[in-house]
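Enquirer: Before anything else, here's the structure in question.
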Amino acid sequence: MRCAPNPPYNPAWRSMKQGKESRAWVLGASVVVVLLLGAISFQIDSLEKQLIAQSGQLRALGESGERMAAELKRIQGGGEASSKTSGAQCVVDKPLHPEVPDLLQAAEPRRPPPGVPTDGEFRFGWSSGDPKTLNPILSNAGEVGDWLSAYVDAGIADRNRWTDPDKWHGELGCRVELTDEFKEYTIYLRHGVKWHVPAGIDWADPKYTWLKGEHPLTAQDFVFALDMITNPQVENGFSKSYFEDLESWKALDDYTLVVRWKKRTYQSAGVTLGLSPLPRFLYAFAEDGTPYPKETIGLKFNQHWYNNRGYLGVGAYRLKRYEPGRVIELERNEDYYGEKPPIARVAYPIYTDQNQTVLKLKSGEVDLGGLRAGQYREEVLQWKDRPKAEWPSNDPFLNDRIHCQVVDAPVFDYIGWNGDKPMFSDARVRTAMTLALRRREIIDKVFVGLGDVAMGPFLPETGCHDPSVDPLEFDLERAKKLLQEAGWSDSDSDGLLDKEIQGVRTPFEFTLLIYAAPEYTAEANIFKEDLLKLGIRLKIESAEWSLMQKKMDEKQFDAFTGAWGLGWETDAYQIWHSSQADIPKGSNRVGFRNKEADKLIEQARVTFGVEERRTLFRRIHRLIYDAQPYTFVRRRKLPYCWSDDVKGVAFARLRPQADFSSWYVSRSH
């Protein structure tokens, strides 16, 4: 995550599908983009010189007639195209702006060793239950973004996630030109890319005759995606904010797309380059093939007949089968235009009890799993300081059949307070709640040290974090004083604080909605005991993820435990701008409204200087932290464990960090 173009550490559209970072959880630029943005700010002469030099190099390539060959080789991963890629090619005969440098860079070289097995099956536990929807425009679930979008889908471009995420390489895009004072993107698409065959269709039923045959990807599919994203009827409030400054989009022909923004904005590059298409031939029609009327297509889209049947894309894998409650299966797309992944098949067994992850790893039912803190303590940590002679000889976690690695994740946990409810409308009360939570102790004991105390929505290494904020260490006396200042007292001596709210004497009791996992239950119970010392009664409501999502979307909560996965770059608009507080299924669920923060957030979107952006985000951080709409709990560390049958395991700098696109499977039994 970054708040400035330089130095290290925007969610692209696929990132937002995860909430975003997804490709989603949402929840934007290559080095060339950085140079362009630097040119916009007119602050760094050396960057401008490099930009001019690169433009001249590109023109020279075009004049020598070698540019097409170099471009094709780059897009296809550096050669060996005849046996490893499909017929989809980059053909840019007559660019509209040949004098403009291409925003896309070479793809990073990341491939498995030659000769590795290419017929293996990889199994990863889908432990959150059935996804609420598989429609990529409507889903804000991290699992859909990380485990489907990242492999089934593709965008105009993608970041070099392993080496330098500032650099973008082409996926469906062959060349991207940025013109008209950096507001207009002209995108040249690959020729010959085909949509996957839709899963979940009974092809013997004549009702689906209209869907049969090959369907080529065209620029109209990107136009349709933007039509749906921006349609006010479509229930995707979590992503609409990234497209508010979009002015127009059109297909000049089947392979040329023009996207225009109203003004120069910092996040426009990431949002544009990360855009994924949507199959118009499927989502614009009813199940019998009847076109949806333009006037109601958004409403139909929300309840589309295919939303829970499959995920249709053009990426390296095709969704082959979705059986609710049992499994999601992917198979390698043999028509994929790029370097084909070694793993032939992917299976996601679906379950809701995370205790099963360890059992499935041990039995070989899954090859990779993310462990909860308690599981990691029981299976790994408790043995680290004990003599090997005491280790169980047949435990796969201890005999090298299962390997584990703790990964720093760009994710923070929080408790969200419903600021639209009178009980939590006062910042002093919300601050008291934070003071009453033993965050350090909970991280150390409940989460076995897997994380650091979070103090805001921006990670310290980004430079956006204000280091001067009050850490608000556990302090019940200070919390008690703030509650008294806010008018809470035990007027009837029953042991509970109370206050007159809307003419009614109201006791201080509320319900905390938590994710159904032992660690969150333990955290809530510790919180409950300390709140009772203050005269506050906490009720705990545990729910599976799908129910939690529904309640959060509908704001049916007093408070809830949540988490956000952060993108490579920072844009505070989606979660913290006042305009997002009343959008259906938006991300500002807690109703944070602050006019000064709004101005700073808007200013950050059009600011390109490194220090200027940092300064703005530090001020935004300060305002958010003073208001305490969240109790920021933990910056996560995630323990991933995998079978020894899986080789080449490494973790990317971006979500999904467990990116298996270059891993391979070699079964030893």
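The values are calculated or read from the model by the stated rules, or taken from the named source; none is laboratory data. In this text the structure is predicted, and so the values were computed from the model without any measurement. Ideal geometry is used to build each Cβ from the backbone, glycine not excepted, and the neighbour counts take in all protein chains shown. Ligands, DNA and RNA are stripped out before the accessible areas are found, and what is left, the full protein with its side chains, is counted by its heavy atoms. Shrake-Rupley method; radii C 1.70, N 1.55, O 1.52, S 1.80 Å.
Enquirer: I'd like to compare 113-120, 511-518: which one has the highest average count of other Cβ atoms within 10 Å, and what's the full order after that?
Expert: Peptide ranking by packing, descending: 511-518, 113-120.
Enquirer: Same structure again: Give me the number: length gained by fully extending Ser363 to His403, i.e. 0.36 nm times residue separation minus the C-alpha to C-alpha distance, one decimal in nm.
Expert: Gain in length upon complete extension: 13.0 nm.
Enquirer: Relative to the present Cα-Cα distance, how much length would full extension add between Ser666 and Glu334 at 0.36 nm per residue of separation?
Expert: Taking 0.36 nm per residue and subtracting the Cα distance, the gain is 117.5 nm.
Enquirer: With each pseudo-label sitting 7 Å past Cα toward Cβ, what's the Asp288-Asp164 distance in nm, one decimal?
Expert: That separation, rounded to one decimal, is 5.7 nm.
Enquirer: While we're on this one: Using modelled amide H (1.01 Å from N, peptide plane; none on Pro or chain starts), what sits under 5 Å from the amide H of Gly313, excluding residues fewer than 5 places away?
Expert: His196, Leu319
Enquirer: Rounded to the nearest whole Å², what accessible area per residue is found for the range 344-425 with the 1.4 Å probe? Numbers along the way, then the final one.
Expert: Values: 3690 Å² over 82 residues.
Each residue of the range 344-425 exposes 45 Å² on average to a 1.4 Å probe.
Enquirer: Determine the per residue accessible area of the range 74-217 with all protein chains present and a 1.4 angstrom probe, expressed in square angstrom.
Expert: 38 Å²
Enquirer: Considering only protein heavy atoms and a probe of 1.4 Å, how much of the accessible area of the range 174-301 is carbon and sulfur, as a whole percent?
Expert: C and S fraction of accessible area: 51 percent.
Enquirer: Please report the carbon-and-sulfur percent of the accessible area for the range 429-547; probe 1.4 Å, protein heavy atoms only, DNA, RNA and ligands left out.
Expert: Numbers: 2650 of 5290 Å².
Carbon and sulfur together cover 50 percent of it.
Enquirer: Hey, can you rank 388-401, 158-171, 313-326 by average C-beta count inside 10 Å, highest first?
Expert: 158-171, 313-326, 388-401
Enquirer: Sum up the charges of everything whose Cβ sits under 10 Å from the Cβ of Asn333, counting Lys and Arg as +1 and Asp and Glu as -1, but leave Asn333 out. Please list the in-between numbers first.
Expert: Values: positive: Lys194, Arg318, Arg332, Lys340; negative: Glu331, Glu334, Asp335.
Charge balance in the 10 Å sphere: +1.
Enquirer: Work out the FRET efficiency for Leu476 and Asp385 from their Cβ-Cβ distance, taking R0 = 56 Å, and round it to the nearest 0.05.
Expert: Computed FRET efficiency for Leu476 and Asp385: 0.95.
Enquirer: Convert each backbone phi in the range 127-135 into a coupling constant with the Karplus relation 6.51 cos²θ - 1.76 cosθ + 1.60 (shift: θ = phi - 60°), then list the ³J(HN,Hα) values in order as whole Hz, x for Gly and Pro.
Expert: Computed from phi, the couplings for the range 127-135 are 8, 9, x, 4, x, 5, 7, 9, 5 Hz.
Enquirer: Between Glu108 and Glu214, with labels modelled 7 Å along Cα→Cβ, what's the label distance in nm to one decimal, could you check?
Expert: Modelled inter-label distance: 3.3 nm.
Enquirer: Please list the non-local residues whose amide H lies under 5 Å from the amide H of His215, H modeled 1.01 Å from N, same-chain partners needing a gap of 5 or more.
Expert: When sequence neighbours closer than 5 places are left aside, the close amide H contacts are Trp195.
Enquirer: Straight-line reach from Lys499: which lysines have Cα under 29 Å away, leaving out those fewer than 8 places along the same chain?
Expert: Cross-link targets: Lys421, Lys480, Lys481, Lys528, Lys533, Lys539, Lys551, Lys555, Lys595.
Enquirer: Okay, moving on. May I ask which of Lys240/Lys599; Lys94/Lys340; Lys250/Lys294 have a Cα-Cα span longer than 23 Å here?
Expert: Too far apart for the 23 Å limit: Lys94/Lys340.
Enquirer: Sticking with this one: Please give the length that would be gained between Arg537 and Thr118 if that part of the chain were fully extended, namely 0.36 nm times their separation in residues minus their C-alpha to C-alpha distance (nm, one decimal).
Expert: Gain on extension, Arg537 to Thr118, equals 145.1 nm.
Enquirer: Now for a separate question. So if R0 is 51 Å, what FRET efficiency would Thr352 and His97 give, r being the distance between their Cβ atoms, rounded to the nearest 0.05?
Expert: 0.50
Enquirer: What distance in nm separates the simple spin-label points at Lys445 and Lys207, each placed 7 Å from Cα in the Cβ direction?
Expert: 5.7 nm
Enquirer: Starting from the amide H of Ile540, placed 1.01 Å from N in the peptide plane, find each other amide H under 5 Å away whose residue is 5 or more places distant or on another chain.
Expert: Leu512
Enquirer: Can you figure out the FRET efficiency of Ser425 with Lys551, using R₀ = 25 Å and their beta-carbon distance, to the nearest 0.05? Walk me through the intermediate numbers first.
Expert: Details: r = 20 Å, r/R0 = 0.79.
Plugging the Cβ-Cβ distance into 1/(1 + (r/R0)^6) gives 0.80.
Enquirer: On a 1.4 Å probe surface of the protein chains, which of Arg110, Arg613 comes out largest in accessible area, and what is the full order? Show your work: numbers first, answer last.
Expert: Numbers: Arg110 85, Arg613 0 Å².
Of Arg110, Arg613, the descending order of accessible area is Arg110, Arg613.
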